[in-house]
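So the structure is just underneath, and the comments pick up after that.
The values are calculated or read from the model by the stated rules, or taken from the named source; none is laboratory data. The shown structure was predicted, so the numbers you read here are calculated from the model rather than taken from an experiment. Using ideal geometry, Cβ is built from the backbone for each residue, glycine included, and neighbour counts are taken over all protein chains shown.
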Amino acid sequence: MIYNVASLLTGNLGDSQQHEIENESLKTNGHSLKKINGSVSLMRTDRTVLVNAEIEATTHDSCSRCLEPATVNIFVNMEEEFSPANADLVDGPNNRTDDDYYDEALVIDEQNFLDLTESLGQALLSALPIAPLCKEDCLGICPTCTVNRNIIRCSCAKSSVDPRWAGLANLTGKGAESAD
């Protein structure tokens, strides 16, 4: 996912390039992202190259309810500005060192290659769900007998009140009033 943007940097404002990512894979921060597909649009601005990407990817994780393997589909709409290391190719001064925020992943190298790999990996990782599921209606693991309820129907009694809160449940039956 490396693009030569020399023609964009020496071209006119608003010049653009379109690219397609097809069936790429990427390893970042312990996650293996596969089947990366989508479109990438590169557009020349006054001092940068603006990247718009609509990307889909797939990764494998453990289900947060039953701990079985889960396939996680990710969709991200990324928009980033990449600054060239060759500031003399673009109009105006390059104030990259004056910025409060500087990210090396958003720099176009001296040979005018824009590497989308790191920033795309960061965007895809940030779109991962906190609690992935193997399926939307996953029943999870029984807290009493620890069987996977997707596979085996457990015979544990379903208690509507946690025994630790039973004393408080008795208060509602005695007509306790709130202090207004």
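So that you can scan it fast, the table gives a plain yes or no per residue for (1) at positive phi; (2) in contact (Cβ under 8 Å) with a residue 12 or more places away in the chain; (3) crowded, with 19+ Cβ neighbours inside 10 Å:
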position	(1), (2), (3)
Gln18	no, yes, no
Ser25	no, no, no
Gly30	yes, no, no
Lys34	no, yes, no
Asn37	no, yes, no
Thr48	no, yes, yes
Asn52	no, yes, no
Glu56	no, yes, no
His60	no, yes, no
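Of the residues Ala57, Ala70, only one is touching a helix residue (DSSP H, G or I) at 6+ places or on another chain (Cβ under 6 Å) and assigned to a strand (DSSP E or B); which?
Exactly one of Ala57, Ala70 is touching a helix residue (DSSP H, G or I) at 6+ places or on another chain (Cβ under 6 Å) and assigned to a strand (DSSP E or B), namely Ala57.
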request  = Say whether the condition of being out of contact with any His (no Cβ under 8 Å at 6 or more places or on another chain), among the hydrophobic types (A, V, I, L, M, F, W, C) and part of a strand (DSSP E or B) is met by at least one residue in the stretch 4-16.
outcome  = no
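One line per residue, one yes/no per condition, for (1) at pLDDT below 75; (2) assigned by TED's automatic domain parsing to the domain that holds Leu67; (3) not β-branched (Val, Ile, Thr):
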residue: Gln122; (1), (2), (3): no, yes, yes
residue: Cys145; (1), (2), (3): no, no, yes
residue: Ile151; (1), (2), (3): no, no, no
residue: Arg164; (1), (2), (3): no, no, yes
residue: Gly167; (1), (2), (3): no, no, yes
residue: Ser178; (1), (2), (3): yes, no, yes
inquiry  = Quick check on my filter: what residues within the stretch 10-32 are over 15 Å from Glu56 (Cα atoms) and among the hydrophobic types (A, V, I, L, M, F, W, C)?
reply    = Leu13
